[in-house]
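> Have a look at this one before I ask anything.
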Amino acid sequence: MRLRKDRAQKALPLLLCLMAVSIPFGLSGCSEPSTTPGDTSSTTGAKTPASGAPGSKFKGEESFVTPEEEKRFVDGTPDTSVKFPEEEFVKGKKLRDLLKPAEGEKVLKSKLDDAVKSAAGETRLGQYCVRLNNCLHMQGKETEAMKYAIIASHIFYKQPPEKRPLPMLFFNVHLHQGLGYKALRIFPEAEKQLRKAINIAAGAPAGQVDWNWHRLCYYQLIDTLTFEKKFGEIKVVKADVKALEDSHK
């Protein structure tokens with residue numbers, strides 16, 4: 001129990017930041033109106049995508065990632081003469097965890113080209129993209145954040161099973177894709193990604209996905225299902241949330 005509390009305390013600052021950006025009080029205390037820079041409020045308090053946002057012209061993942069980017073990030077061959085920017089990778093995480101996402105974005109982008117050249121198609125580039133996605137999401141830059149979540153996901157799933165990263169990284173990319181699609185009001189895709197994240201968390205070895213994140217994912221799914229008017233499914237998800245919470249009392 002003490003170990004669980006320590007892990008929860010370490011995760012709490014980033015979790016609170018995510019909640020502060022995304023979740024004002026509402027349904028079950030965890031409802032989130034979509035937030036995209038430039039949006040305008042509707043009469044329900046939700047947001048409408050800004051002109052040109054993918055919410056109204058969604059054409060799948062290519063709405064966020066171009067074929068050229070896919071080829072460069074995911075299918076490229078690493079250049080061994082270029083050093084991976086480990087220092088910026090570590091600093092980006094520290095700044096994110098200190099709730100300084102704009103600074104983290106700046107640091108990570110300063111060496112993004114080197115990261116791609118040195119680790120194209122490799123897990124460490126996927127991790128670099130996850131970190132950049134997190135910094136962008138924390139600032140509400142959802143369309144750009146989606147680009148790096150999708151790229152990271154493609155890189156991770158490209159790896160053979162024995163080289164795939166820990167479940168937390170798969171959970172992270174699916175959760176943040178879910179949050180991004182939800183903020184952009186692409187609710188069917190948000191539901192799909194959030195369910196994937198929940199399944200990964202449920203099947204992960206003990207301690208690999210903090211239960212607070214698992215719970216947050218459930219609440220985001222409940223809110224998404226509310227937008228989709230899937231009220232019967234909400235009852236099922238709420239029962240799952242209660243079971244999760246009861247198991248950590």
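No lab work stands behind these numbers, since they all come straight from the coordinates. Everything numeric in this text was worked out from a predicted model, so none of it was measured. Glycine gets a Cβ as well: all are built from the backbone with ideal geometry, and neighbour counts include every protein chain shown.
> Net charge around L169, counting only other residues with Cβ within less than 12 Å of its Cβ (Lys, Arg = +1; Asp, Glu = -1)?
After counting each charged neighbour, the total is +3.
> Any idea which of L225, G178, L166 is furthest toward the positive side of the dipole for segment 113-249, if Lys and Arg beta-carbons carry +1 and Asp and Glu beta-carbons -1?
L225
> State to the nearest 20 debye the size of the charge dipole of segment 63-165 about its Cα centre, where the only charges are +1 on K and R beta carbons and -1 on D and E beta carbons.
Charge dipole of segment 63-165: 260 debye, to the nearest 20.
> With θ set to phi - 60° and the Karplus curve 6.51 cos²θ - 1.76 cosθ + 1.60, what are the ³J(HN,Hα) couplings of segment 61-67 in order, to the nearest whole Hz, using x for Gly and Pro?
For segment 61-67, the Karplus-derived couplings read 4, 5, 5, 10, 10, 7, x Hz, x marking Gly and Pro.
> Right, another one. Explain nothing, just compute: Karplus ³J(HN,Hα) = 6.51 cos²θ - 1.76 cosθ + 1.60, θ = phi - 60°, for every residue of segment 100-114 in order, whole Hz, x for Gly and Pro.
Per-residue couplings from phi come out as 10, x, 5, 5, x, 4, 4, 5, 5, 5, 4, 10, 4, 4, 5 Hz.
> How high is the relative contact order of segment 63-165? Use alpha-carbon pairs under 8 Å, at least six apart in sequence, and give a whole percent.
Rounded, it is 32 percent for segment 63-165.
> Quote the charge dipole size of segment 82-142 about the Cα centre in Debye, to the nearest 20; the model charges only the Cβ of Lys and Arg (+1) and of Asp and Glu (-1). Don't skip to the end; give the middle numbers.
On the way: 13 positive and 10 negative charges, 21 e Å.
Once rounded to the nearest 20, the dipole reads 100 debye.
> Once you list every other residue whose beta carbon is under 12 Å from the beta carbon of Y157, what net charge do they have if Lys and Arg are +1 and Asp and Glu are -1?
Net charge in that neighbourhood comes out at +4.
> Taking the Cα centre of segment 93-249 as the origin, how large is its charge dipole in debye, to the nearest 20, when only Lys and Arg (+1) and Asp and Glu (-1) carry charge on their Cβ atoms?
Roughly 140 debye for segment 93-249.
> Which entries of K59/K147; K83/K111; K141/K196; K192/K230; K182/K230; K83/K117 have Cα-Cα distances beyond 18 Å here?
Flagged as over cut-off: K141/K196.
> By a straight-distance test (C-alpha under 14 Å), which aspartates and glutamates pair with K238 as possible cross-link partners, with residues fewer than eight away in the same chain excluded?
Within the straight-line cut-off, K238 pairs with D223, D246.
> Would you mind counting up the charge near E144? Only other residues with Cβ under 13 Å from its Cβ, with Lys and Arg at +1 and Asp and Glu at -1.
Its environment carries a net charge of 0.
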